[in-house]
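Data block below; observations after.
The values are calculated or read from the model by the stated rules, or taken from the named source; none is laboratory data. Keep in mind that this is a model prediction, so the values were computed, not measured. Backbone-built Cβ (ideal geometry, glycine too); neighbour counts: all protein chains shown. We work out accessible area using only protein heavy atoms, side chains counted, and drop any ligands, DNA or RNA first. Shrake-Rupley method; radii C 1.70, N 1.55, O 1.52, S 1.80 Å.
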2 protein chains.
Amino acid sequence: MTATKKLIECVPNFSEGRDPTKIEKIVQPFRGKEGVKLLDYQRDQNHNRMVVTVVGEPQALRQSLVEAVGIAVEQIDMTKHEGQHPRMGAVDVVPFIPIRNVTMAEAVAFSKAVAREIAERYNLPIFLYEASASTPARQNLAVVRKGQFEGMPEKLKQLEWKPDFGPDHVHPTAGVTAVGARMPLVAFNVNLGTDNLEIANQIALKVRHISGGLRFCKGIGVELKDRGIVQVSMNMTDYTKTALYRALELVRIEARRYGVNVVGSEIVGLVPMEALIDTAVYYMGIENFSINQVLEARLME
Amino acid sequence: MTATKKLIECVPNFSEGRDPTKIEKIVQPFRGKEGVKLLDYQRDQNHNRMVVTVVGEPQALRQSLVEAVGIAVEQIDMTKHEGQHPRMGAVDVVPFIPIRNVTMAEAVAFSKAVAREIAERYNLPIFLYEASASTPARQNLAVVRKGQFEGMPEKLKQLEWKPDFGPDHVHPTAGVTAVGARMPLVAFNVNLGTDNLEIANQIALKVRHISGGLRFCKGIGVELKDRGIVQVSMNMTDYTKTALYRALELVRIEARRYGVNVVGSEIVGLVPMEALIDTAVYYMGIENFSINQVLEARLME
């Protein structure tokens, strides 16, 4: 067995969530292509934004994406765009996620090659972000996007905000795009047997990275009003280094301080199987387990 | 997304574990075929037997298997076969296992169609076993195989052992073959913090089906001499109905009686991802989880 098919996920965000005709045109390049699988696309009318989830082999994925970006640049006029979600371009952000037989270094190199191609082909200024960022100041998308579409012309005049690829001025109708590689995000929420939001917030503080907790964990307290409970809502930003069970057990430990029990948990959206298998291996104490023992891992070789 | 690729696993056992030339000939039909993936083949010289693990789409898998059976019938002479493992034919047993988008009923129908084809094409008497068995007495392979190759001529003379397909006499050099559908087996062992084999045996008695335990669990006590511990060695015969975590927790509960702790566990060989994900979902108390949230499940649609 020498086949090692490489798989990369891409979750491009397009600034069009209302016009079904435009949406279908943009999504079209991801359909029915050998080596590319469109898993999902969700549009939000309030956000006026569409999030596409697609997985593919690198070259096929690249071709589809470059094509879709071209259509979005043509179809979306940012000078007329309004919506609740922060945005700076027609193709607002393009994250690439290594899925199978791809290292993060390879995903970064891939993201840069794609960024260069779309910059040159469509005359789009590109900021590299996350693991692909050219400086630490550009890692965080919120910082890169600050000022949004309307503020970009001023922002790009600053030396420290010269784009990584493409022209050093904003595309008149398509704005600016962020491209980068990152680990898969897992949205993992732990429910608590209390309606006290302050307790969830206090626990989130202890568990999340920024305030002293786990390195690859973001978190806030959230109220589930219909159920009369609260939850610690987390984004696990690298489950290979900060395992889901560790976050769960830390929440449980902190909750004891308040005499509160963990009453359940949830995973929102997609999760790589390894994040859950890792957790099963921990709780069952399975010794010397290899992911190659998982039938589906072998099927995807 | 309407694609629903059907996948069936097949683990045929061939009575040749010594001659590399014959082994390669038999395995050849599973290589480089569209829609068929050879995951593994292991030969055992003492057993003089080879176990092939292959997964494929039904029609492609069927063609490869029929071809391999033909080669094995041609290459293996059971009148000269000797080895430690019980065996009754050149193609001793052919289990089919539903993996994806295939029900057990479909796997049974598929196994019968394949059985009929190899019976007619190669003049092989076939017993259907496990879920495909035509009578309860034929479910258990050990019962079907009792008497082995040398005893089959006498056995087939009995009315209750008339083969399900093919001639009602033994193939002179290839003997008899068992074909059937079954659930994936998971070999799951739980290690105990004691060197007392009697304790492992007593716990196995409580946990396994035959003596009053879990419906889809077989088990015995085993000594791990090099580590100075014992284990409850289990075969989980339907993890969708008897979950791994339930067997583990029952072993833990029974071990308390002896003041013995569970010190680890192991999974031998392949395991379907759902068996472990199910376990993770239990231990983390994940609510409303769907296997469709697993990225790899989506990729295999």
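Summary table
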item: Label-point separation, B:ILE253 to B:GLN42 (7 Å along Cα→Cβ), nm; result: 3.2 nm
item: Of all accessible heavy-atom area on the range A:21-132, the percent that carbon and sulfur account for (1.4 Å); result: 43 percent
item: Point-charge dipole on Cβ atoms (K/R +1, D/E -1) for the protein assembly as shown, about Cα centre, debye to 20; result: 420 debye
item: 20 Å binning of all Cα-Cα separations within the protein assembly as shown, expressed as whole percents from 0 upward; result: 17, 42, 29, 11, 0
item: J(HN,Hα) series, the range A:100-112, from Karplus relation 6.51 cos²θ - 1.76 cosθ + 1.60, nearest Hz, glycine and proline x; result: 8, 6, 10, 7, 4, 4, 5, 5, 5, 4, 4, 4, 5
item: Where chain A is the region considered: accessible area per residue in Å², 1.4 Å probe; result: 44 Å²
item: Gaussian network model of chain A, springs between alpha carbon atoms under 10 Å - residue of A:ILE97, A:ILE199, A:ILE71 with greatest fluctuation; result: A:ILE199
item: Theoretical gain in end-to-end length, B:ASN101 to B:VAL143 [0.36 nm per residue, Cα-Cα removed]; result: 12.0 nm
item: Amide H contacts of A:SER265 (H built 1.01 Å from N, under 5 Å, at least 5 apart or other chain); result: A:ASN191, B:ILE286, B:GLU287
item: Size of charge dipole - chain A - debye, nearest 20, with Cβ of Lys, Arg +1 and Asp, Glu -1, no other charges; result: 360 debye
item: A:ALA178 long-range amide H proximity, modeled H, under 5 Å; result: A:VAL93, A:VAL94, A:PHE127
item: Modelled FRET efficiency - R0 51 Å, A:LYS225 with B:HIS209, Cβ distances, 0.05 increments; result: 0.65
item: ³J(HN,Hα), Karplus 6.51/-1.76/1.60, whole Hz, each residue of the range A:178-192, x for Gly, Pro; result: 9, 10, x, 10, 8, 6, x, 8, 10, 8, 10, 10, 10, 8, 10
item: Nearby lysines by direct alpha-carbon distance to A:LYS206 (threshold 25 angstrom, same-chain neighbours under 8 apart not counted); result: A:LYS218, A:LYS225, A:LYS241
item: At R0 = 51 Å, FRET efficiency that the Cβ-Cβ distance of A:GLN28 and B:ALA113 yields, to 0.05; result: 0.80
item: Candidates per trypsin sites (Lys or Arg not before Pro) in the range B:214-244, loop by DSSP, up to 15 other Cβ within 10 Å; result: B:ARG215, B:LYS241
item: Fraction of the pair-distance distribution of chain B above 34 Å, Cα-Cα pairs, percent; result: 28 percent
item: Taking the range B:142-283 and dividing mean pair separation by its residue count, relative contact order in percent (alpha carbons under 8 Å, at least six apart); result: 25 percent
item: Sequence-separation-based contact order of the range A:15-93, relative, with Cα cut under 8 Å and 6+ spacing, percent; result: 35 percent
item: Average other protein chain Cβ within 10 Å of Cβ, residues B:190-197; result: 1
item: Calculated SAXS-style log₁₀ I(q)/I(0) at q = 0.13, 0.20 Å⁻¹ - the range A:153-301, Debye, Cα scatterers; result: -0.73, -1.11
item: Isotropically averaged projected area of the range B:21-118, using the convex hull of Cα atoms (one quarter of hull area), nm²; result: 6.5 nm²
item: Candidates A:ARG116, A:ARG62, A:ARG256, ranked by Gaussian network fluctuation over chain A, Cα under 10 Å, top entry; result: A:ARG256
item: Cα long-axis angle, helix B:273-284 against chain B (0 to 90 degrees, to the nearest 10); result: 10 degrees
item: Taking chain A and dividing mean pair separation by its residue count, relative contact order in percent (alpha carbons under 8 Å, at least six apart); result: 15 percent
